[in-house]
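Structure incoming, see below.
Each reported figure results from applying straightforward, stated rules to the coordinates on display, with no laboratory input. Computed from a predicted model, the values in this text were never measured in an experiment. As a convention, Cβ positions derive from the backbone with ideal geometry for all residues, glycine included, and neighbour counts pool all protein chains shown.
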Amino acid sequence: MACFLNSFLRKITPLGATFCTRVGRSSEEGPVAFFEALANGIAPDCLKSLTWSGEVDVKQYYFSEWQPHKAMTFSSFHRLLVFANLTHVDLDTRRAIHLGDADLQEIACSWRHLESLFINKETGWGRGAGLRVTLDGLVTFLGFLPRLRELCVVLDEDQLAGDASQLDARRKTMAERLRSYSPPRALHTVDLLDTFVSKREVKRVGELMWGIFPRGCSVSTWG
């Protein structure tokens, strides 16, 4: 597969390209090999939009537990960071995602022109152990991307849970953090995917996030 892609991509290097590619279900090395082929085969300035989706047996995906060795980490994606002119990235790996604050900051610093970023918008990042993005990390990430319009991300659920006094304390801390922050004005849609928020905590979590997103931005979560 990688050899074929390398041969094919050399022929379209002069073009700005949008990719929509389906790669058969395989180990984590499958998408990594594909990303490597893209990085080796396309001039970094050419790629403006990238859509990639990996196939998987739906029954097996939904009825099996996430396994840590199948997770996609920052090292899985880092070869794509050479494409500094990307404005649209839509990656659905059908695997668990382990990304933290430092990872998101590296992505933002590399893709400064981003207008939309979707990672596993159809399947989520998966429950269980693994890096997650904190509210502070999200604010740092958004601060690098003034053109961002749409985002899919999963947050650290521990920051969104707790009793009233704990959430109020975090809200005050976040309010202090936001004094020197301006959200991307174009941001209109944020999907928190499988970030779990209990019904009784929705209001307080909303208050906790107040100011992170611009007025009128739609924020949703599956849970």
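Hey, any hits in region 180-198 for a residue that's part of a helix (DSSP H, G or I), over 21 Å from Ile119 (Cβ atoms) and either touching a helix residue (DSSP H, G or I) at 6+ places or on another chain (Cβ under 7 Å) or of a type in the set (A, V, I, L, M) (or both)?
Step one: list which residues in region 180-198 are part of a helix (DSSP H, G or I), which gives 180.
Adding the requirement that they be over 21 Å from Ile119 (Cβ atoms) leaves 180.
Right, trim to either touching a helix residue (DSSP H, G or I) at 6+ places or on another chain (Cβ under 7 Å) or of a type in the set (A, V, I, L, M) (or both) and you get none.
No: region 180-198 contains no residue that is part of a helix (DSSP H, G or I), over 21 Å from Ile119 (Cβ atoms) and either touching a helix residue (DSSP H, G or I) at 6+ places or on another chain (Cβ under 7 Å) or of a type in the set (A, V, I, L, M) (or both).
Residues being assigned to a loop (DSSP other than H, G, I, E, B), more than 16 Å from Pro183 (Cβ to Cβ) and charged (D, E, K, R): count how many of those fall in region 143-160.
Matching residues across region 143-160 total 1.
Answer with yes or no whether Ala175 is assigned to a loop (DSSP other than H, G, I, E, B) and either touching a residue at least 60 places away in the same chain (Cβ under 8 Å) or among the aliphatic types (A, V, I, L, M) (or both).
no
If Val197 satisfies all but one of (1) aliphatic (A, V, I, L, M); (2) surrounded by fewer than 18 Cβ atoms within 10 Å (Cβ to Cβ); (3) out of contact with any Lys or Arg (no Cβ under 9 Å at 6 or more places or on another chain), what's the number of the condition it fails?
(2)
Here's a follow-up. Of all residues in region 97-127, which are of a type in the set (Phe, Trp, Tyr) and under 17 Å from Gln159 (Cβ atoms)?
Trp125
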